[in-house]
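Remarks on the structure that follows.
The values are calculated or read from the model by the stated rules, or taken from the named source; none is laboratory data. Keep in mind the model is a prediction, meaning the values are calculated, not measured. A quick note on method: Cβ atoms are made from the backbone with ideal geometry, for glycine too, and the neighbour counts reach across all protein chains shown.
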Amino acid sequence: MTKYISIFNIILCSFGIFFGFYYLETNPEFSIKIVTLTTVGIAGIFAFIRHVIFYKSDSKRLGWETDRPDWMFEVGFANLAFGAIGFIVVLADWGIQASALVLIGFAFYLFQAVILHLYRYLTDIKKSPERLWRSVILTTFYVVMMTIFIINSLTKNKNL
């Protein structure tokens, strides 16, 4: 189940970033709202669901099976916090600057996850190509695209 949630999340966030760039020049406020809702709001909620509700299959998918999933719950609740704030800043219309800060915060958070997954990949005896591609390469690409979007938003639009 978590594999399909993860794949759906990747697709949805890809569309969010695509449409964010598409509307960036013509409607920057709408653009950043799309990216905040998809790449932080929805992504954070789905990550919470994967890590907390489906923690057994998610820890197996990640290669980190454990009898004590406390750390999975902690990661899940951190994702929920980002996801919730992503929705709040957009739906409460807190402004473009608040959305940009949420995007930057989530990008940093995910970059730290990339470092952890890369470390685990490099130090594990059994190298998992799935971990390398999904947790390191795809997540790095995701973080890079979010960062490029933020930089473009902040440099091309005076209102940001």
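Considering only the range 7-54, state which residues are hydroxyl-bearing (Ser, Thr, Tyr) and either touching a residue at least 40 places away in the same chain (Cβ under 8 Å) or farther than 18 Å from Val89 by Cα (or both).
Ser14, Tyr22, Tyr23, Thr26, Ser31, Thr36, Thr39 - these are the residues of the range 7-54 that are hydroxyl-bearing (Ser, Thr, Tyr) and either touching a residue at least 40 places away in the same chain (Cβ under 8 Å) or farther than 18 Å from Val89 by Cα (or both).
Looking only at the range 1-22, count every residue that is farther than 22 Å from Gly105 by Cα, at pLDDT below 95 and not hydrophobic (A, V, I, L, M, F, W, C) and tell me the total.
3
Scan the range 56-83 residue by residue and report those that are without any contact (Cβ under 8 Å) to a residue 40 or more places away in the chain and either under 24 Å from Thr36 (Cα atoms) or surrounded by 20 or more Cβ atoms within 10 Å (Cβ to Cβ) (or both).
Met72, Phe73, Glu74, Val75, Gly76, Phe77, Ala78, Asn79, Leu80, Ala81
Among (1) over 18 Å from Ser59 (Cα atoms); (2) at pLDDT 95 or above; (3) within 16 Å of the chain's Cα centre (by Cα), where does Leu80 come up short?
(1)
May I ask you to list the residues in the range 84-119 that are touching a Phe, Trp or Tyr at 6+ places or on another chain (Cβ under 8 Å) and buried (at least 17 other Cβ atoms within 10 Å of the Cβ)?
Gly86, Val102, Leu103, Phe106, Tyr109, Leu110
Restricting attention to the range 1-50, and to residues there that are under 16 Å from Ser135 (Cα atoms) and of a type in the set (D, E, K, R), which single residue is surrounded by the fewest Cβ atoms within 10 Å (Cβ to Cβ)?
Filtering the range 1-50 for residues that are under 16 Å from Ser135 (Cα atoms) and of a type in the set (D, E, K, R), the one surrounded by the fewest Cβ atoms within 10 Å (Cβ to Cβ) comes out as Lys3.
Restricting attention to the range 151-160, which residues are surrounded by 11 or more Cβ atoms within 10 Å (Cβ to Cβ) and in a loop (DSSP other than H, G, I, E, B)?
Correct list: Asn157, Leu160.
If a residue must be in a helix (DSSP H, G or I), at pLDDT below 85 and touching a helix residue (DSSP H, G or I) at 6+ places or on another chain (Cβ under 7 Å), how many such residues does the range 104-133 contain?
Residues that pass the stated criteria total 1.
Condition first: under 18 Å from Leu37 (Cα atoms), surrounded by fewer than 17 Cβ atoms within 10 Å (Cβ to Cβ) and either hydrophobic (A, V, I, L, M, F, W, C) or in contact with a strand residue (DSSP E or B) (Cβ under 9 Å, 6 or more places away or on another chain) (or both). Now tell me which residues in the range 138-150 satisfy that.
Matches in the range 138-150: Val144, Ile148.
What number of residues in the range 120-137 are surrounded by fewer than 16 Cβ atoms within 10 Å (Cβ to Cβ) and either closer than 25 Å to Ala100 by Cβ or among the β-branched types (Val, Ile, Thr) (or both)?
Selection size over the range 120-137: 3.
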